[in-house]
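To start, the structure itself, in structure tokens.
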Amino acid sequence: MDNNIIIKTDSLFKQYGEGETKVMALDNVSLEVGRGEFVAVTGESGSGKTTLLNVIGSLDKPTSGKVFFNGDEITRKSDNELSTYRRRSIGFIFQSYNLIPVLNVEENIVLPLNLDSTEPDMAYLEELLELTGLKSKRRNYPSELSGGQQQRVAFARALIHKPELILADEPTGNLDSKNSREMIEILKSSIKKYAQTLILITHDLSIAAQADRIFRMQDGVLTESEGTLR
């Protein structure tokens, strides 16, 4: 496999239900994402976008097919190995912020490291607080933050373990247009500064247009939009 390919999916199928209730969430999805790429996936609700992201991130298992991360097939790994893969290689950003109310900003950010019994790189933490504009809010609690600030905390938390791959599922879905633009600029700055790869799901075509490549999901089928590679 090409060493520049960080994610490869090979003939992914994901079926829910049987008979008349059968839904094919992924229908023969094959995809290659290069290291350092920003890839956007668009499509209607229920088209299979989130299922694809969850299978790549090992939050869900395909009915059949394979997923490779840096040439290593993750679909054949044990649950413990997959847990390590998620903790150390992937940064997840969801539409819901999922912050812990009783932890302040800094404590929420370093939580994944604490769960992995790892000491935070304090210099890197300061970089993230600077990047996200949260330095003055580091002791504040989620209830004291705006929606945009809470999403920035979630973003910094996703990056604190220096993941190679960021999987973002509608990260601007709960934000207004100003905060959405700022969030995407932060993401683009991060992947450039830290040499990361971003796969982002969005309904916002203006956000998708900023990606290196755009894919569309419809009824579980993934197709690449022409003319999006820059």
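Values in this text are rule-based calculations from the coordinates and carry no lab data. The structure presented is a predicted model; accordingly, all values stated were derived computationally and were not measured. Note that each Cβ is placed from the backbone with ideal geometry, even for glycine, and that neighbours are counted across all protein chains shown.
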Pick out, in residue order, every one of the trypsin sites (Lys or Arg not before Pro) in region 1-47 that is DSSP loop and has at most 15 other C-beta atoms within 10 Å; say none if there are none.
LYS22
Using a 7 Å offset from the Cα along the Cα-to-Cβ direction at both ASN140 and ASN28, what is the distance between the two label points in nm, to one decimal?
5.1 nm
Taking neighbour counts of Cβ atoms within 10 Å as a proxy for exposure, in what order, fewest first, do LYS193, LYS49 appear?
LYS193, LYS49
Cβ-based exposure ranking for THR118, THR9, THR172, in which fewest neighbours within 10 Å come first:
THR118, THR9, THR172
Over the residues of region 4-129, compute the C-alpha Rg and express it relative to 2.2 N^0.38 Å.
1.23
Provide Rg over Rh for the chain; use the alpha carbon set for both Rg and the Kirkwood Rh (inverse mean inverse pair distance).
0.96
Contour minus Cα-Cα distance for VAL221 and ASN114 (0.36 nm per residue):
34.6 nm
Low-density loop positions, GluC sites (Glu not before Pro), region 145-230 - DSSP coil, at most 13 other Cβ in 10 Å
GLU226
Based on other C-beta atoms within 10 Å, arrange GLU37, GLU32, GLU126 from fewest to most.
GLU126, GLU32, GLU37
